[in-house]
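Asker: My structure is below; once you've seen it, I'll send some questions.
The values are calculated or read from the model by the stated rules, or taken from the named source; none is laboratory data. Computed from a predicted model, the values in this text were never measured in an experiment. Don't worry about glycine lacking a Cβ; one is built from the backbone with ideal geometry, like all the others, and counts go over all protein chains shown. When the accessible area is computed, the model is the full protein with side chains, heavy atoms only, and any ligands, DNA or RNA have been set aside. Shrake-Rupley method; radii C 1.70, N 1.55, O 1.52, S 1.80 Å.
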Amino acid sequence: VFDTTSRHVPMTVRGRHLIVSRAASDGTRTVTEVFEISNDSSVTRVAPNDSPAGAVWSSIIPATAVTPVVADGDIPAAAVQFAEGRALVYAPFAPGMKQLAFHYDLPADAFPLKVPVEHAAVVFEVLLEDPTATITGARLASVAPVAIEGHEFHRFLAQDVPANAVAV
């Protein structure tokens with residue numbers, strides 16, 4: 001049991017994973033984002049209200065994102081809203097780490113995609129299914145490709161990525 005607060009507490013992005021699918025026939029791509037977020041305090045952070053400013057934690061999503069959906073993770077779908085170009089978390093956030101996962105579709109004209117790194121990340125991983133796709137910025141470097149559920153991905157990895165970096 002932890003005390004609660006609605007005030008700011010230190011939260012660290014220990015890992016951020018961005019997975020971009022191969023383009024569908026209409027050019028649409030599905031993007032999955034997974035965040036490993038750590039409450040580095042000794043109190044549970046709770047939302048003071050349900051306004052965007054009251055969210056326990058939030059992240060930018062592309063303005064052109066279509067049908068964002070919370071995926072399996074530690075934060076229930078009912079505790080996440082998508083509004084004003086953001087994924088907004090309202091679940092109580094106890095000390096320790098939780099995983100937030102969501103996905104959305106992007107139209108072909110959203111690419112090249114600029115991905116701002118709003119929160120510094122200890123590890124930032126990008127998986128690109130399209131063999132012709134490239135990525136630059138945010139200290140990302142190519143590493144060995146991976147196969148997941150029969151899909152091949154080019155893998156890019158960075159460590160200690162500062163806030164305000166941008167991957168393209």
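Asker: Given a 1.4 Å probe and every protein chain left where it sits, what share in percent of the accessible area of region 106-153 is carbon and sulfur?
Answerer: 59 percent
Asker: Do any GluC sites (Glu not before Pro) in region 16-106 lie in a DSSP loop with no more than 16 other beta carbon atoms within 10 Å, and if so, which? Don't skip to the end; give the middle numbers.
Answerer: Working: sites: Glu33, Glu36, Glu84; in loops: Glu84.
Sparse-neighbourhood loop GluC sites (Glu not before Pro): Glu84.
Asker: Can you pull the semi-axes for region 29-97, root of five times each eigenvalue of the Cα gyration tensor, sorted largest first, whole Å? Present the calculation step by step, with values, prior to reporting the outcome.
Answerer: Values: eigenvalues 93, 40, 19 Å².
Taking √(5λ) for each Cα gyration eigenvalue gives 22, 14, 10 Å.
Asker: P(r) for region 1-68, please, calculated from all Cα pair distances in 5 Å bins and given in %.
Answerer: Calculated P(r), rounded to whole percents: 3, 13, 18, 19, 16, 12, 9, 6, 3, 1, 0.
Asker: May I ask for the net charge around Arg86, where only other residues with Cβ less than 14 Å from the Cβ of Arg86 are counted and Lys, Arg are +1 while Asp, Glu are -1?
Answerer: On the way: positive: none; negative: Glu33, Asp50, Glu84, Glu118.
So the environment of Arg86 carries a net charge of -4.
Asker: Sort 113-123, 68-78 for me by packing, meaning the mean count of neighbouring Cβ atoms within 10 Å per residue, highest on top.
Answerer: Details: 113-123: 17.4, 68-78: 14.0.
So the order, starting with the most tightly packed, is 113-123, 68-78.
Asker: Let me ask something else. Tell me, what % of the accessible area of region 1-45 is carbon and sulfur with a 1.4 angstrom probe?
Answerer: Details: 1130 of 2320 Å².
Carbon plus sulfur share of accessible area: 49 percent.
Asker: Ranked highest first by average number of other Cβ atoms within 10 Å, how do 140-153, 40-53 line up? Intermediate values should be presented prior to the final figure.
Answerer: On the way: 140-153: 11.3, 40-53: 14.3.
By packing density, highest mean first, the sequence is 40-53, 140-153.
Asker: Counting every Cα pair in region 53-159, what percent are over 25 Å apart? Write out the running numbers ahead of the final one.
Answerer: Numbers: 1563 of 5671 pairs.
Cα-Cα pairs in region 53-159 separated by more than 25 Å: 28 percent.
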